Structures are given as C-alpha cells and as structure tokens.
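Written out below as structure tokens is the structure these notes cover.
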Amino acid sequence: MKVVATKKAPEALGPYSQGYVHNGIFYSAGQVPINPETGEVEADTIEGQTEQVCKNLGAVLAEAGTTFDKVLKTTCFLADMGDFAAFNEVYAKYFTSKPARSCVAVKTLPKNVKCEVELIAVVGE
C-alpha cells in the first residue's frame, strides 16, 4: 500500500491519510472545502465550496498518479439536500466521465461545511 499525501490539498483533520493506492486503485479520504494554502474555509456558497472540494480532489488524484477521468465511484455528502442542483452544476465540470455515485444529506460535516466528497479511482491504466 502507498500512502498518498500532498501539501496541495488540506492536511487530514484527524488520525487518517488523504488516501491510499492499493493494487492499482486509489481510495481517497473525504475532501472538504479548505483552501490548503490558508487552512481556512473561504467560500460560503455551495458553488464555491464544491469548487474547492474538486480542486482538493484533483490534487490528491494527481499525487496518486491518476485523474478525474479515471474515477470509478464518488460518495458525496451534503449538509442540505436543497443544495443538490447547485452542487451538481459544479461537480459535473470535473466528473465528466460520470462515475458511479452516492449522494446523501448529513446532519453536520467537519467545520460546518456544506459538502464533502470522497472517491475511488483507477491508477496506472
């Protein structure tokens, strides 16, 4: 197993890694909309937060040696399902290959953010 860690995405908020590659598959931890340069959540809209989450995911994908078009599955967490359509608008710009996905509403996310996304992707194909 190879640990994936990059300064271009936020450091883990707890005792976990940004991700692992095992047998040609990358498993990411959930990414929240923290700007890795400042360590802060800067966006206050679902669109802005989703954009930062996707940038963070792009950074961990790159560090793992893969890209958005190799993503097999995402799991998306929204603090408010009323943000579903706006979330999808931004999400669709990044996940153009339309990977399998689950999207659920949750009571609270770390730092009271509006969204979090984790993913599984192929590496090296």
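Return the only residue of Tyr16, Tyr27 being surrounded by 13 or more Cβ atoms within 10 Å (Cβ to Cβ), of a type in the set (Ser, Thr, Tyr) and either under 21 Å from Cys76 (Cα atoms) or in contact (Cβ under 8 Å) with a residue 60 or more places away in the chain (or both).
Numbers: Tyr16 fails: surrounded by 13 or more Cβ atoms within 10 Å (Cβ to Cβ).
Going through Tyr16, Tyr27 in turn, the sole match is Tyr27.
Could you tell me whether any residue of the range 37-53 is within 15 Å of Thr6 (Cβ to Cβ), surrounded by fewer than 20 Cβ atoms within 10 Å (Cβ to Cβ), touching a strand residue (DSSP E or B) at 6+ places or on another chain (Cβ under 8 Å) and of a type outside the set (D, E, K, R)? Scanning the range 37-53 turns up no residue that is within 15 Å of Thr6 (Cβ to Cβ), surrounded by fewer than 20 Cβ atoms within 10 Å (Cβ to Cβ), touching a strand residue (DSSP E or B) at 6+ places or on another chain (Cβ under 8 Å) and of a type outside the set (D, E, K, R). Filtered by the rule that a residue be surrounded by fewer than 12 Cβ atoms within 10 Å (Cβ to Cβ) and assigned to a loop (DSSP other than H, G, I, E, B), the range 105-125 gives Lys107, Thr108, Gly124, Glu125.
Pairs meeting the criteria (first residue in the range 49-69 and over 13 Å from Ile120 (Cα atoms) and free of Cβ contacts under 8 Å to residues at least 40 places away in the same chain, second residue surrounded by fewer than 22 Cβ atoms within 10 Å (Cβ to Cβ) and not hydroxyl-bearing (Ser, Thr, Tyr), beta carbons under 6 Å, at least 6 apart or on different chains) are Glu51/Val90; Gln52/Ala43.
When the range 45-67 is limited to residues that are among the hydrophobic types (A, V, I, L, M, F, W, C) and more than 11 Å from the chain's Cα centre (by Cα), the one that is nearest to Lys8 (Cα to Cα) turns out to be Ala62. Scanning the range 1-14 for any residue that is within 20 Å of Val106 (Cα to Cα) and part of a strand (DSSP E or B) turns up nothing. Condition test on Cys115, is it touching a Leu at 6+ places or on another chain (Cβ under 7 Å) and touching a residue at least 60 places away in the same chain (Cβ under 8 Å)? Considered against the rule, which asks whether it is touching a Leu at 6+ places or on another chain (Cβ under 7 Å) and touching a residue at least 60 places away in the same chain (Cβ under 8 Å), Cys115 comes out as yes.
Scanning the range 90-104 for residues that are part of a strand (DSSP E or B) and of a type in the set (Phe, Trp, Tyr) turns up nothing.
Would you be able to say whether some residue in the range 3-17 is of a type outside the set (Val, Ile, Thr) and under 20 Å from Ala100 (Cα atoms)?
Going through the range 3-17, the residues of a type outside the set (Val, Ile, Thr) turn out to be 5, 7-17.
After this cut, where a residue has to be under 20 Å from Ala100 (Cα atoms) as well, the list is none.
No - not one qualifying residue is present in the range 3-17.
Within the range 1-29, the set of residues being under 24 Å from Asp80 (Cβ atoms) and either among the polar types (S, T, N, Q) or touching a Ser or Thr at 6+ places or on another chain (Cβ under 8 Å) (or both) comprises Ser28, Ala29.
Laboratory data are not the source of any read-out in this text; all were calculated from the coordinates shown. Here the structure is a predicted model, which means the values were calculated and not measured. Ideal geometry is used to build each Cβ from the backbone, glycine not excepted, and the neighbour counts take in all protein chains shown.
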